[in-house]
Amino acid sequence: MGKIEKVIEKIEDAETGVAFTGAGVSAPSGLSTFRGSDGIWENKDPRELASPSGFRKNPQLVWDWYNSRRDKIKEVNPNEAHKSLKLMEDYFREFSIVTQNVDNLHKEAGSDEVVELHGNIFRNKCSNCGRVVSEDVDSREVVECEECGGLIRPAVVWFGEPLPVESLQVAKEMATSCDICFIIGTSGLVQPAASIPLVARESGAFLVEINRESTVISDYVDISLNGDAAKILPLIVENLQNG
Ligand code: BV8
Ligand code: ZN
């Protein structure tokens, strides 16, 4: 039996599923990944820009980087990988997305249950008092908080910052109770997010990795499907529809 057929068989037996996703799911939409060849922005390492120290050192540079990413995300659409993950909901009693991505594309694709472990690039908050700034701050200049004068920043989780306790807790519960966990388009290098698939594995889930290349997670999965998620996921859904 081929790998895809095995995955289809597992999905048909499964009640609950989780898709753990990273930047590779959004790459086919035209968004650059963090560690791919295009993972550098104006010769700066995103991991320096996506940090409190980076923002303190040069708030305008970091604000510009996020504005350029928001502008780019506004131009692109969910791709076949996002759309297939929405369709996958029909084949499970419960199907959730746990994503490291901040680009809002899973929600735009209509997925019902999306846990954003690293926040959302279209939400902003005060870097001093933490107040979430509801309006979509479109300013090109860094703006100050009306309440305390602190600088407004994107409400995403930066390196060195803890993940939202609630989101991480919900993600772990989903991973603990799922029958099958897909790990899609992530290098699996960023912790604690990358521990989610291992929680699923320890709870007896069947692990399916979908990635262009092998990763640090590949040794822990039951099946690795190598290739473009925007091609593999539609193939899986097509098989389920013709099942
Ligand atoms: C924390 C939001 C503590 C911002 C992001 C040493 C060892 C281990 C850990 C650490 C360490 N030193 C420091 C740490 C901790 C650090 C960490 O993990 N560092 C790593 C880099 C070593 N983690 C943290 O700092 C976390 N916080 O630990 O806090 C703490 C606790 C309590 C109290 C105080 C402090 C916070 C991490 C969150 C950082 N924020 N994003 C923003 O996006 O601007 S992470 C960032 O990386 C993105 O969210 C991104 O999604 C994420 C993970 O990257 P990937 O998604 O995997 O993307 P990547 O480019 O790496 O890979 C893409 C993959 O897709 C590739 O495999 C490629 O082959 C594949 N692909 C490409 N195209 C396709 C494809 N696959 C299929 N189809 C395709 N078409
Ligand atoms: Zn404030």
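What order do you get for Met1, Met174, Met88 when you list them from fewest to most C-beta neighbours inside 10 Å? Present the calculation step by step, with values, prior to reporting the outcome.
Details: Met1 7, Met174 24, Met88 20.
Ordered by Cβ neighbours within 10 Å, fewest first: Met1, Met88, Met174.
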**Report entry** Relative frequency of Cα-Cα separations exceeding 12 Å in region 89-135, percent
**Finding:** 67
**Report entry** Principal-axis tilt of helix 3-13 within the chain, Cα atoms, nearest 10 degrees
**Finding:** 90
Report summary line: In debye to the nearest 20, the charge dipole size for region 21-109, taken about the Cα centre with +1 at each Lys and Arg Cβ and -1 at each Asp and Glu Cβ, equals 260
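Quick check: residue separation of Ser203 and Tyr220 times 0.36 nm, minus the Cα distance between them. What number comes out in nm?
Details: separation 17, 0.36 × 17 = 6.12 nm, distance 1.30 nm.
Additional length available on full extension: 4.8 nm.
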Report summary line: When the charge dipole of region 127-243 is computed with +1 at the Cβ of Lys and Arg and -1 at the Cβ of Asp and Glu, the Cα pointing farthest to the positive end, of Met174, Leu225, Cys148, is that of Leu225
Report summary line: In Å³ per residue, the alpha-carbon convex hull of the chain encloses 119
Report summary line: For region 15-103, the charge dipole (Cβ of Lys, Arg +1; Cβ of Asp, Glu -1; about the Cα centre) points to a positive end, and the Cα of Trp63, Thr16, Thr33 closest to that extreme belongs to Trp63
Report summary line: By Cβ neighbour count within 10 Å, fewest first, Phe95, Phe206, Phe34 rank Phe34, Phe206, Phe95
Report summary line: Charge tally for neighbours of Tyr220 with beta carbon under 15 Å away, counting Lys, Arg as +1 and Asp, Glu as -1, is -3
Query raised in the report: Cα axis of helix 229-241 to longest principal axis of the chain: angle in degrees, 0 to 90, nearest 10?
Result: 40
Query raised in the report: Under a point-charge model restricted to the Cβ atoms of Lys and Arg (+1) and Asp and Glu (-1), what is the dipole moment magnitude of region 168-231 relative to its Cα centre, in debye to the nearest 20?
Result: 120
Query raised in the report: Which angle between 0 and 90 degrees, to the nearest 10, do you get for helix 59-75 versus the longest principal axis of the chain when only C-alpha atoms count?
Result: 40
Query raised in the report: Hey, how many Å between the Cα centroid of region 46-113 and the Cα centroid of region 165-185?
Result: 17
Query raised in the report: Excluding same-chain residues fewer than 8 positions from Lys44, which lysines have a Cα within less than 26 Å of its Cα?
Result: Lys57, Lys72, Lys74, Lys125
Query raised in the report: From the Cα gyration tensor of region 152-229, with a ≥ b ≥ c the square roots of its eigenvalues, which class applies: rounded if a/c is under 1.5, or else prolate if a/b is larger than b/c, or else oblate?
Result: oblate
**Report entry** Cβ-based exposure ranking for Asp228, Asp13, in which fewest neighbours within 10 Å come first
**Finding:** Asp13, Asp228
**Report entry** Stokes-Einstein diffusion coefficient of region 46-167, Kirkwood radius over Cα pairs, 25 °C, 0.890 mPa s, in µm²/s
**Finding:** 158
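Dipole size in debye (nearest 20) for region 26-182 around its Cα centre, Lys and Arg Cβ +1, Asp and Glu Cβ -1?
Values: 19 positive and 27 negative charges, 90 e Å.
Dipole magnitude for region 26-182 comes out near 440 debye.
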Query - ³J(HN,Hα) computed for each position of region 14-31 - Karplus, 6.51 cos²θ - 1.76 cosθ + 1.60, integer Hz, glycine/proline x - result: 7, 9, 10, x, 10, 10, 9, 10, x, 4, x, 6, 8, 4, x, 7, x, 8
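Readers should treat all values here as calculations from the given coordinates under stated rules, not as data from a laboratory. The structure displayed is predicted, hence computed values, not measured ones. No Cβ is skipped: glycine too gets one built from the backbone with ideal geometry, and neighbour counts run over all protein chains shown.
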